[in-house]
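Participant: There's a structure below that I have some questions on.
Read-outs throughout are calculated quantities, based only on the coordinates presented, and are distinct from any laboratory measurement. Keep in mind that this is a model prediction, so the values were computed, not measured. Heads up, the Cβs are rebuilt from the backbone with ideal geometry, glycines too, and the neighbour counts pull from every protein chain shown.
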Amino acid sequence: MKDNQPGQGVQYNAITQGSKIVGNVNAETDFRMDGTLEGDLTCRGRVIIGQSGLIRGKIFCENAEVHGRIEGQLQVNDTLTLRKTAQMLGDVKTNSLIVEPGAAFNGGCMMGRIDSTQPLDGEISAE
């Protein structure tokens, strides 16, 4: 029997469409947002923002797939994928970026290997 480790997609947290959270969220496992978050999200796994999802704040995670809207800063230690319906308004720091035709990305981008031993917090800036 295989152990379930955080970030492996076996367990995840979800906020459904029509739900709204005001405040910061910390997740040890994958996280799916189909509602609205006004605050920061720190996730030790993969973040998926569905088409109806909206996050206004900072996001720190290992991997991210965006179908919805982000207004703020985003730090992804591995791969950020912006799907065709994605709207990214803000600065991004990531190791790898995939942008599908149709996605909107308005902000700065800083790419390269991110030191995963550093805590997932702090300011993100495109210098």
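Participant: Identify the trypsin sites (Lys or Arg not before Pro) of region 3-110 meeting these criteria: DSSP loop state and at most 14 other C-beta atoms within 10 Å of the C-beta.
Facilitator: For trypsin sites (Lys or Arg not before Pro) across region 3-110 that sit outside H, G, I, E and B with at most 14 neighbouring Cβ atoms in 10 Å, the list reads 84.
Participant: Something else: How high is the FRET efficiency between residue 28 and residue 78 when r is their beta carbon distance and R₀ equals 25 Å, given to the nearest 0.05?
Facilitator: 0.90
Participant: Ranking 79, 16 by Cβ neighbours within 10 Å, fewest first, what do you get?
Facilitator: Ordered from fewest to most neighbouring Cβ atoms within 10 Å, 79, 16 come out as 16, 79.
Participant: Compute the FRET efficiency between residue 20 and residue 113 as 1/(1 + (r/R0)^6), taking r as their Cβ-Cβ distance and R0 = 35 Å, and round to the nearest 0.05.
Facilitator: Working: r = 35 Å, r/R0 = 1.01.
Step by step, r from the Cβ atoms, then E = 0.50.
Participant: Another question, then. Sort out for me the Cα centre separation of region 90-105 from region 19-71, rounded to whole Å.
Facilitator: 15
Participant: Estimate the FRET efficiency between residue 98 and residue 71 by the formula 1/(1 + (r/R0)^6), using the beta-carbon distance for r and 25 Å for R0, to the nearest 0.05.
Facilitator: 0.75
Participant: With contacts defined as alpha carbon pairs under 8 Å and 6 or more residues apart, what's the relative contact order of region 12-109 in percent?
Facilitator: Numbers: 320 pairs, mean separation 17.0, N = 98.
Computed value for region 12-109: 17 percent relative contact order.
Participant: Simple spin-label model, 7 Å along Cα-to-Cβ: residue 52 to residue 106 in nm?
Facilitator: 2.5
Participant: Placing unit charges on C-beta atoms (Lys and Arg positive, Asp and Glu negative, everything else neutral), compute the dipole magnitude of region 12-109 about its Cα centre in debye, rounded to 20. Can you show the working numbers first?
Facilitator: On the way: 10 positive and 11 negative charges, 31 e Å.
So the dipole magnitude of region 12-109 works out to roughly 140 debye.
Participant: Which loop-located GluC sites (Glu not before Pro) does region 12-121 contain, where loop means any DSSP state but H, G, I, E or B and the Cβ has at most 15 other Cβ atoms within 10 Å? Before the final figure, lay out the partial values.
Facilitator: Details: sites: 28, 38, 62, 65, 71; in loops: 28, 62.
Passing both the DSSP loop test and the Cβ count: 28.
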